[in-house]
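FYI, it's all coordinate maths here, none of it is from the lab. Just so you know, these numbers come straight off a predicted model, no measurement behind them. We place every Cβ from the backbone using ideal geometry, glycine too, and count neighbours over all the protein chains shown.
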Amino acid sequence: MGFKKLSKLTAVITAVFMLISALAAAAPVDFRDVPAGHWAEPYITKMALKGIIQGMGNGEYGLGEPLTRVQAVIMLVRILGYTDDTIPDDKPIPSSFKAPYDVPDWAKKYVAVAVEQGIIAGEDLENFRPMENAKRYEVAVFAVRALGLADEAESRATVNLDFTDTYKIPMSARSYVEIAVEQGIINGMGDGRFAPEQNLLREQAAALFSRIDAKLENSLDEKEIRGVLTGVSTADLYSVTVKMPNGIEKTITVNNSTSIYRNGKKALLGDLVIGDSVTLILNSPVSTATYAEFLEATEGDQLEPINDTEKVSGKVKYIDLTTGIIVITGDDDKDEYYKLLDTTLYIANGEAVSASDIKPGQQVELDVKKDSHDVLRVKAQGIDKELRGKVISAMFYGVSEPLITVLTADNERETYYVSEKVSVEKDGQETVLENIRMDDIVDIEVKDSRVVSIKALSCEKTVKGNIKQISYVDEPKMTVVLKDGSEEEFLINEDVDIERNNRNAELKDLRKGDKIVAEVSYNLEKDGYEITEITAESEDRKLEGVIQGISIGEDITITILTEDNEMLSFVVDPNARIRKDGETISVSEISIGFQGAYAEIEVESDVIVEMDVEKRNMQNMITGKVESIVESAEVIVVSYREKINDVWLDARKEIHITDDTVYMKGNSSSKLKYLDVGDTVSVFGKYEAGLFFADLIVIMD
């Protein structure tokens with residue numbers, strides 16, 4: 001009876017011990033002889049968490065100690081997915097193994113599996129030497145057998161190893177070493193040597209077995225996730241998002257106890273970079289896990305063996321997401337085609353983006369599988385540019401992100417997603433995105449491949465105003481004074497449709513000052529608005545008055561003081577009909593001598609088309625202040641204000657004095673000597689030979 005109770009107690013103690021052992025295996029690893037920051041720390045932590053390696057007891061890993069041959073075999077058996085629980089304690093070693101008595105009892109069941117799995121084979125069956133230190137070439141042989149590549153190694157007729165000490169590798173092991181190097185699980189010493197006879201240290205073993213573990217799938221992987229980092233959250237609940245090889249994304253929580261490494265060094269969550277290859281070991285199988293115990297990130301690594309992939313750099317020439325084709329123009333100007341996958345990761349400026357963010361013209365780096373040209377990752381530089389074009393497509397409704405396509409002056413189509421914080425103007429006014437229309441001309445600013453600013457001009461509009469000038473330099477242009485007084489210059493289309501005063505007309509029929517309504521359309525190639533249709537009306541007037549001034553230049557301009565005491569200026573039409581004292585003369589015969597003459601004019605808008613000039617002695621009046629007096633020349637200068645084309649302007653007039661000039665102050669006569677600078681005067685007189693002579697000067701009080 002006591003025996004049965006003892007058996008039950010033993011069973012309970014055993015169960016509790018196994019449970020404690022399992023919990024201990026899942027607990028964070030902290031070997032006291034592995035200093036923080038040691039190059040092997042991430043490998044030791046990872047392999048210990050997966051139960052592949054164990055310490056030496058007393059909380060030490062055994063850093064710097066050599067690995068024995070039997071320890072190497074046991075670790076490889078565990079990598080294949082075998083554990084203490086899954087291998088029977090009494091599992092016999094196959095009879096092909098010649099010296100089972102040399103194997104410690106605690107290792108026999110692992111050696112039995114190693115023989116069955118072909119890890120121990122060939123000469124090692126005859127002379128295994130379990131407790132001897134494992135040499136580098138020996139572990140390479142064991143590893144290649146564990147990977148199932150022994151047949152390939154045995155079939156290789158030639159071996160090409162570049163190590164300076166290749167001759168030290170036994171002939172039977174050279175093909176195994178070559179495959180181990182190709183698989184990236186073991187390397188040379190950095191000085192050209194392989195050092196085959198050198199003992200493999202326990203920290204080196206952790207790194208080597210970590211690489212082998214990454215290539216094999218086993219039951220230990222139920223708590224492991226591998227993939228590419230697509231997101232990092234440091235707000236509220238810390239977490240990472242990983243895109244796995246099957247294309248599924250999974251978000252995993254991390255906490256203060258999570259061991260995080262990047263490129264072999266201890267790191268913080270914020271040190272991780274989108275696009276890093278990551279391996280996570282969870283606190284329980286994936287379906288029930290609540291957080292990650294371990295996170296290892298590597299820049300630029302792929303899950304596939306390194307020899308199966310290559311990097312391709314160049315510019316995107318063409319990308320079609322429907323067919324999954326991307327064409328890259330390399331530095332040699334040659335085009336290469338590659339295949340995009342559903343699992344392809346796209347990165348721009350350090351952030352995971354969608355495939356539609358990759359545009360022609362972008363500089364990219366592709367990670368490509370050599371044998372298939374499948375693209376594993378596209379790393380692009382975000383587009384920062386400014387461009388002008390015509391809107392040919394605008395998708396602002398019913399889409400997750402607004403999309404705009406423009407046609408540039410070079411006839412290139414460019415499509416971009418629009419930032420949710422985009423600023424929008426149209427015709428100089430702030431507006432909303434929905435007011436951008438097809439055919440609008442837009443200046444677009446793109447940052448990180450997103451439109452952040454749109455300044456739009458309506459493709460067509462109506463312009464109202466008066467013609468100020470028509471120029472034929474280079475190409476016909478018209479300057480229009482708009483209703484608000486501002487001026488704008490427009491190109492004139494060669495096929496412009498013109499109507500003036502309700503009749504069909506030509507460009508030459510238009511006059512300065514004509515009132516117009518013009519239809520304009522933006523010419524993207526010429527980068528400006530172009531008039532396509534003009535409806536003009538002349539403002540016809542008949543005026544009489546005295547010619548006050550004549551300006552002879554590119555145009556002849558005549559200033560007239562009208563009977564209503566308005567000072568108005570007009571351009572003389574080159575084809576105007578001019579008569580002087582009843583005789584017809586040409587426009588070229590107009591001279592300064594016309595000043596002071598009486599004129600009757602017919603004006604179309606601001607252009608004189610007909611003028612009759614008569615040399616009369618007309619009485620004119622000027623009121624202003626005496627600015628200066630030159631007694632020796634009998635001249636006074638009077639400053640005054642005059643109205644020209646409805647605008648009051650400051651003016652000066654030289655007034656000539658004669659012996660017949662009469663001076664008045666109040667009701668009494670006066671003389672020039674009583675006239676002082678600053679006096680206000682009204683001068684009555686007439687023009688003769690372009691000079692103004694005073695008949696009467698009234699000095700005001």
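Percentage of Cα-Cα pair distances in segment 306-380 greater than 19 Å, rounded to whole percent? So the pairs more than 19 Å apart make up 24 percent of the total in segment 306-380. Our coupling estimate for segment 405-422, obtained by passing each phi through the Karplus curve with A = 6.51, B = -1.76, C = 1.60 and θ = phi - 60°, is 10, 10, 9, 7, 5, 8, 6, 9, 8, 10, 10, 9, 6, 9, 4, 5, 9, 4 Hz, Gly and Pro reported as x.
Dividing the alpha-carbon Rg of segment 620-699 by 2.2 N^0.38 Å yields what? Walk me through the intermediate numbers first.
Numbers: Rg = 12.4 Å, N = 80, 2.2 N^0.38 = 11.6 Å.
It is 1.07.
Here each label is just a point 7 Å from Cα along the line to Cβ, and for K468 and T415 those points are 4.4 nm apart. The charge dipole of the chain, taken about its Cα centre with unit charges on the Cβ of Lys, Arg, Asp and Glu (plus for the first two, minus for the last two), comes to roughly 4220 debye. With the convex hull constructed from alpha-carbon coordinates only, segment 460-537 shows a mean projected area of 4.8 nm² over all directions. Note that segment 25-215 shows a convex hull volume over its alpha carbon atoms of 120 Å³ per residue.
For segment 356-462, GluC sites (Glu not before Pro) meeting the loop criterion (DSSP other than H, G, I, E, B) and having at most 14 other Cβ atoms within 10 Å: E412. A simple charge model with +1 on the Cβ of Lys and Arg, -1 on the Cβ of Asp and Glu and nothing else charged puts the dipole of segment 620-699 at about 220 debye relative to its Cα centre. Anisotropy class assigned to segment 540-614 is rounded, per the alpha carbon gyration tensor with a/c under the 1.5 cut-off. Each helix, a run of at least 4 DSSP H residues, gives -39500 (n - 2.57); summed and divided by the residues of the chain, these come to -4500 deg cm²/dmol at 222 nm. Listed by chain and number, the lysines whose C-alpha is less than 25 Å from the C-alpha of K370, apart from same-chain residues fewer than 8 away, are K215, K243, K311, K315, K317, K334, K339, K359, K379.
Computed over the alpha-carbon atoms, segment 373-457 gives an Rg to Rh ratio of 1.02, Rh here being the Kirkwood radius from the mean inverse distance.
Note on Rg and Dmax of the Cα atoms in Å: of the candidates [x] 48.5, 161; [y] 31.1, 105; [z] 28.3, 88, the value calculated from this structure sits at [x]. Can you list the residues of segment 192-206 with backbone N under 12 Å from a point 7 Å past the Cα of T166, pointing along Cα to Cβ? Only 194 fall inside the zone, counting backbone N under 12 Å.
Rounded to the nearest Hz, the phi-derived 3J(HN,Hα) couplings of segment 96-105 under the Karplus curve 6.51 cos²θ - 1.76 cosθ + 1.60 (θ = phi - 60°) are 5, 7, 7, 9, x, 5, 7, 8, x, 4, where x marks glycine and proline.
What are the semi-axes of the equivalent ellipsoid for segment 114-229, taken as the square roots of 5 times the Cα gyration tensor eigenvalues, largest first, in whole Å?
That gives 23, 18, 15 Å for the three semi-axes.
Each of N133, P104, T164 was scored by the projection of its Cα onto the charge dipole of segment 91-168, and the greatest displacement toward the positive side belongs to P104; charges sit on the C-beta of Lys, Arg, Asp and Glu.
Calculate the dipole size of segment 219-298 relative to its Cα centre from +1 charges on Lys and Arg beta carbons and -1 charges on Asp and Glu beta carbons; express the result in debye to the nearest 20.
Details: 7 positive and 9 negative charges, 29 e Å.
It comes to approximately 140 debye.
In segment 38-126, what chymotrypsin sites (Phe, Trp or Tyr not before Pro) fall in a loop by DSSP, with at most 16 other Cβ atoms inside 10 Å?
Qualifying residues, ordered by number: W39.
Equivalent ellipsoid of segment 296-448: semi-axes from √(5λ) of the C-alpha gyration tensor, largest first, are 34, 16, 13 Å.
As a size descriptor, the averaged projected area of the C-alpha convex hull of segment 544-588 was calculated at 3.4 nm².
The phi torsions of segment 329-334, fed into the Karplus equation with coefficients 6.51, -1.76 and 1.60 and a -60° offset, translate into couplings of 9, x, 5, 8, 6, 9 Hz, rounded to whole numbers, with Gly and Pro shown as x. Can you pull out the GluC sites (Glu not before Pro) in segment 120-226 whose DSSP state is coil and whose Cβ has at most 15 other Cβ atoms within 10 Å? Within segment 120-226, the qualifying GluC sites (Glu not before Pro) (loop, at most 15 other Cβ atoms within 10 Å) are E132, E197, E217.
Fully extending the segment from N504 to D331, taken as 0.36 nm per residue of separation minus the present Cα-Cα distance, adds 56.3 nm.
Separation of segment 232-264 and segment 105-161, taken as the distance between their Cα centroids, equals 37 angstrom.
The orientation-averaged projected area of the convex hull spanned by the Cα atoms of segment 219-298 comes to 5.0 nm².
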